[in-house]
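Working notes for the structure below.
Computed from the coordinates by the stated procedures, all read-outs in this text should not be read as laboratory data. All of these numbers come straight from a predicted model, not from anything done at the bench. A quick note on method: Cβ atoms are made from the backbone with ideal geometry, for glycine too, and the neighbour counts reach across all protein chains shown.
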Amino acid sequence: MNCLSAPERAETISQIQKEEYDILIIGGGITGAGILLDATTRGLKALLVEKNDFASGTSSKSTKLIHGGLRYLKQLDLALVREVGRERAVLYRNAPHLVVPERMLLPLIIGGSFSKLMSRIGLTIYDIFASVKPGEKKKMLSKQETLSLESGLNEDILLGGALYSEYRTDDSRLTLEVIKTACNLGGVALNYTAFTEFNYEKEHVNGISAVDTMSGNRLQLKGRQVINAAGPWVDEIRENDGALGAKKLHHTKGVHIVVPKNKLPIHQSIYFDAGEGRMIFTIPRGGTTYIGTTDTNYSGDLNTIRVSKEDVNYLIAGVKKMFPGSDLSEGDIISSFAGIRPLIHQEGKAPGEISRRDEIFVTESRLLSIAGGKLTGYRKMAKKVTDMAMERLVNEFSYKRIACQTRFVVLEGGDIDDMGVLKVDLAQSLSQLGVSEDRIAYLAHTYGSQAFKILADCSGEDKDIALAVAEVKYAIRCESMQTLPDFFIRRTGRLFFDPLSIEKLMKPVAEVAAVQLKWNEERMDKEIQSVKQALEDIVHFE
Ligand code: FAD
């Protein structure tokens, strides 16, 4: 059974209803994905169900950084800085295509969050505690040196700057690769399968009822240990298991806007003061720069998160404060994305002050729920909750205890000795195929070593179309792509970072998908309409 082959979905669904799983996970964001991989590599039989597409929740809407824990330094949580820094090194080793070193420029300004002295001391501590490599350690800069890196910065308020080490990633690809790695090792993951209610035996949860949202069919799924990893929806799922405990989630909304690179032509990522103690990132990606994020309380619909004019104005005002020559306006925005932080509520704290630590809730019914945390700490979160699940399996069902194995598990596409060599090899293949070399970075960082499998399927007159067609075939065969938005948003990132390319690619991609997924004309039109709607939504601000 290849559970990530979309054409084999019916077979997978029929098979999983016959099985009893050791671990059954609700939620296919990075948290659920990490648990699936952890459980599978311990030799446990594990199943993950996701109500929408994998990574369609917060795990495709983050700032896409694998942090070294600088914000925890401000809170003097040195243990957490050390833990996050070590974790970052593990992720870099296991997924070098997806976890990429990035020098972050921190401009120091009059009245800013960081003084020169505090930055020097703080970043030195950060380098030590976050195990920063020798070549990537912090560098303090004079005002002139800072301006020579970014001439558009506000000279009137600039005191100097610092360069420090961060890593960037692609959150939805990271989630997908974790899931793919788990499934190649025997785990099972099913998107478009929504939890509806718990099933019990002697008051203990022993499975779930779910619905296949593609067909509407109801499913009964058995799992000895059920884990709720539904991110912002964790409380909604907990409510199905009786009353919530004393601790609840606190939702805050975070928005990013994306502009063409020439509208904010920065040379590296920058982390700067936006006023009132808030900081903003501006990060170059392909032909764009993305800007974020906001952090505001959220009590609206978790399934439809809108970007408001207020969010946009806040980000643009922050940019203009730091880049006074910028004429950036709402009309320049080519896309935007908004996500919900599933934080643990702390009475009396403002959104920016609430801890980003994770927490596990255990109930009498033996349901485990995990929330909070960061993309960066997903492997450790997964270890923590799977350790608890393992303990129960050992004590109540006499399983043999097996420790976490994921520290050395290389993610799909990450079997690369040297990213430089991969890019040279890709350049050679691209020139043989006649595909423009500006796709090198995209292919290398989207697929890693898997890029060659896609290129092997790449043929046709128009090279942009040929590449997209090869990608969609791969996404259907190996990444459980079920809809056109799955492809343009989470498999390739085109909706957010290259929306102008979609018009040309939409029809040829839809035609291939229609053949492979047996769509009739009506379904194909519906899919095309939903991409068109998404293209409107990303530039519609209320
Ligand atoms: P989600 O990704 O939301 O996954 C939960 C999944 O559960 C969803 O896909 C949902 O569809 C599914 N689900 C819900 N109900 C059901 C059901 N009934 N049945 C089946 N499935 C269900 N972290 C970093 O480390 N670095 C960053 O740069 C960073 N930036 C951020 C910026 C913003 C604006 C935000 C909001 C967060 C950021 N984070 C960052 C935090 C990080 O993105 C989150 O901690 C992480 O993505 C949460 O993942 P998750 O799997 O817990 O939740």
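Explain nothing, just compute: Karplus ³J(HN,Hα) = 6.51 cos²θ - 1.76 cosθ + 1.60, θ = phi - 60°, for every residue of the stretch 459-469 in order, whole Hz, x for Gly and Pro.
For the stretch 459-469, the Karplus-derived couplings read 8, x, 4, 7, 6, 5, 5, 4, 5, 5, 5 Hz, x marking Gly and Pro.
Taking every pair of alpha-carbon atoms in the stretch 249-344, give the share separated by more than 21 Å as a whole percent.
30
So who's got an amide H within less than 5 Å of the one on Ala189, skipping anything under 5 residues away but keeping other chains? H placed 1.01 Å off N, in plane.
Amide H neighbours of Ala189: Leu48.
Output ³J(HN,Hα) for the stretch 160-174: one whole-Hz value per residue in order, computed from phi by the Karplus curve 6.51 cos²θ - 1.76 cosθ + 1.60 with θ = phi - 60°, and x for Gly and Pro.
My calculation for the stretch 160-174 gives x, x, 9, 9, 9, 9, 10, 10, 9, 9, 10, 4, 6, 5, 4 Hz in order.
Could you point to the residue in Ser436, Ser501, Val394 farthest towards the positive end of the stretch 385-542's charge dipole, with +1 and -1 charges on the Cβ of Lys/Arg and Asp/Glu respectively?
Val394
Under 5 Å between amide hydrogens, which residues at least 5 positions from Tyr200 or on another chain qualify, with H placed 1.01 Å from N in the peptide plane?
Amide H neighbours of Tyr200: Asn206.
Lysine pairs in the stretch 76-192 8 or more apart or on different chains: how many have alpha carbons under 18 angstrom apart?
Counting lysine pairs in the stretch 76-192 gives 4.
What list of ³J(HN,Hα) couplings, whole Hz, do you get for the stretch 199-208 from phi and the Karplus terms 6.51, -1.76, 1.60, once you set θ to phi - 60° and write x for glycine and proline?
Residue by residue, the stretch 199-208 yields 10, 10, 10, 6, 6, 9, 4, 10, x, 9 Hz.
I'd like the distance separating the alpha-carbon centroids of the stretch 445-505 and the stretch 197-242, in whole Å.
The distance from the Cα centre of the stretch 445-505 to that of the stretch 197-242 comes to 33 Å.
So, with +1 on the Cβ of K and R and -1 on the Cβ of D and E, and no other charges, what is the size of the charge dipole of the stretch 419-537 about its Cα centre, to the nearest 20 debye?
Once rounded to the nearest 20, the dipole reads 340 debye.
Translational diffusion coefficient, Stokes-Einstein: compute it for the stretch 148-235 using the Kirkwood radius over C-alpha pairs as Rh, at 20 °C and 1.002 mPa s, and state it as an integer in µm² s⁻¹.
Once the numbers are plugged in, D ends up at 121 µm²/s.
With only Lys, Arg, Asp and Glu charged, each at its Cβ (+1 for the first two, -1 for the last two), find how big the charge dipole of the stretch 12-139 is about the Cα centre; round to the nearest 20 debye.
800
Report, as a whole number in µm² per second, the diffusion coefficient that Stokes-Einstein gives for the stretch 419-537 at 4 °C and 1.567 mPa s using the Kirkwood radius over alpha carbon pairs.
Calculated translational D: 89 µm²/s.
How would you rank 406-413, 6-13, 29-36, 335-342, highest first, on the average number of other Cβ atoms within 10 Å across their residues?
Final packing ranking: 29-36, 335-342, 406-413, 6-13.
Take every Cα-Cα pair in the stretch 180-274 and report what % of them are more than 23 Å apart.
The calculated P(r) of the stretch 180-274 puts 51 percent of pairs beyond 23 Å.
Tell me which residues come under 5 Å, amide H to amide H, from Tyr399 once H is placed; ignore anything under 5 positions away on its chain.
Val394
Please list the equivalent ellipsoid semi-axes of the stretch 344-448, computed as the square roots of five times the alpha-carbon gyration tensor eigenvalues, in descending order and whole angstrom.
41, 23, 10
Taking 10 °C and 1.306 mPa s as the conditions, I'd like the Stokes-Einstein D for the chain in µm²/s, using the Kirkwood hydrodynamic radius from alpha carbon pairs.
D = 66 µm²/s.
Within straight cross-link reach of Lys507, meaning Cα distance under 25 Å, which lysines are found once same-chain residues fewer than 8 apart are removed?
Correct list for Lys507: Lys453, Lys463, Lys473, Lys518, Lys526, Lys532.
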